[in-house]
Amino acid sequence: MRTDVDTLLEQHTGNGSRIPAWLDLPDPKGFKPKRKYRTIWISDVHLGTRGCNAALLVDFLRSVQCDTLYLVGDIVDGWRLRKGWYWPDAHNEVVRRILKMAHRGTRVVFIAGNHDEMLRDYAGLTFGGVELALEAVHETVDGRRLLVTHGDAFDGVVLYHKWLAFLGDKAYSMLLRMNIAFNAVRRRLRMPYWSLSAYMKKKVKNAVQYVCSYEEAVASEAISRGFDGVVCGHIHCAEIRQFGGITYYNDGDWVESCTALAEDASGQIEIIDWVAETGGHASDTVVTELGAAIPAEAGA
């Protein structure tokens, strides 16, 4: 039995080639000129969960153009999908948008994370123009070499005590459910999306200590391997920091903060905060097009 994902990924070459017609459909009119970047990094989208801000991500991806797009892990949440299927059309649209970018010349590199670890067995293969990898090395315009990795390998809880990771995942899920309910009330009051879960994480002392330890561990690995910097995700905290001569970059997530990293033509890398830029609302065009496809529980 075919699923929506099977249909989206159906792109063959050679005799009997079949390319989905929607790949060549023009984008809807009414968008501002696309921002042009050399490179964009996004991670921790968690497609397949109710907390995924799919509409805001579609809005962002339609607003940008880049030579290379890195998907830095946890794009699909296999942990959740194993427990029960949840895949609204808005999540299909995220996949369509990524595949369209690949079809139109963007190099798309998908680095599997711990929530989509089932894809790690396929590292080195390409599907629909999307390269699967365990990690990557990115060279900026100004010649800096950056290690690109999801980052779960440097998370002591995930690495050494996986049962604790799943326990923590349950607690985090409860926090996200609170976040969904909280933002449902804000929408009824015509207020923009605001992440209660991200705010609470920043206020919890142990969470702050965990984030700091994680950042130091990732940076130390990059230093030991001779890189000039490292780009990762995993902890849902967008950040740019200096550690002992190298730069640590975290692209954040699309569940709580809705952030990405972008490299411009000069090699400068910045954090894009899509909630701050849009006021927490996807464009009218995206909302109209997705319509009922946007889950009522989602943050945007």
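Check segment 61-71 and report whether any residue there is assigned to a loop (DSSP other than H, G, I, E, B), within 16 Å of the chain's Cα centre (by Cα) and at pLDDT 85 or above. Within segment 61-71 (the criterion being assigned to a loop (DSSP other than H, G, I, E, B), within 16 Å of the chain's Cα centre (by Cα) and at pLDDT 85 or above), the answer is no, since none of the residues qualifies. Taken over segment 43-75, the residue count meeting the criterion of being within 22 Å of Y86 (Cβ to Cβ) and without any contact (Cβ under 8 Å) to a residue 60 or more places away in the chain is 5. Residues in segment 220-234 that are in contact with a strand residue (DSSP E or B) (Cβ under 7 Å, 6 or more places away or on another chain) and either aliphatic (A, V, I, L, M) or free of Cβ contacts under 8 Å to residues at least 12 places away in the same chain (or both): A222, I223, V230, V231.
Name the single residue that is farthest from G245 (Cα to Cα) among those in segment 136-189 being over 22 Å from the mean Cα position of the chain (by Cα) and at pLDDT 85 or above. Looking at the filtered set, the residue picked out is V141. Scanning segment 215-270 for residues that are among the small types (G, A, S) and more than 15 Å from the chain's Cα centre (by Cα) gives A217, A219, S220, A222, S224, G226, G229, G244, G245, A265, S266, G267. Of all residues in segment 65-106, those satisfying the criterion of being basic (K, R) and over 24 Å from D152 (Cα atoms) are R96, R97, K100, R104. Filtering K201, K205 for residues that are at pLDDT below 75, surrounded by fewer than 18 Cβ atoms within 10 Å (Cβ to Cβ) and among the basic types (K, R) leaves a single hit, K205.
The values are calculated or read from the model by the stated rules, or taken from the named source; none is laboratory data. Since the structure is predicted, the reported quantities are computational estimates derived from the model, not experimental observations. For neighbour counting, all protein chains shown are included, and Cβ atoms are generated from backbone atoms with ideal geometry for every residue, glycine included.
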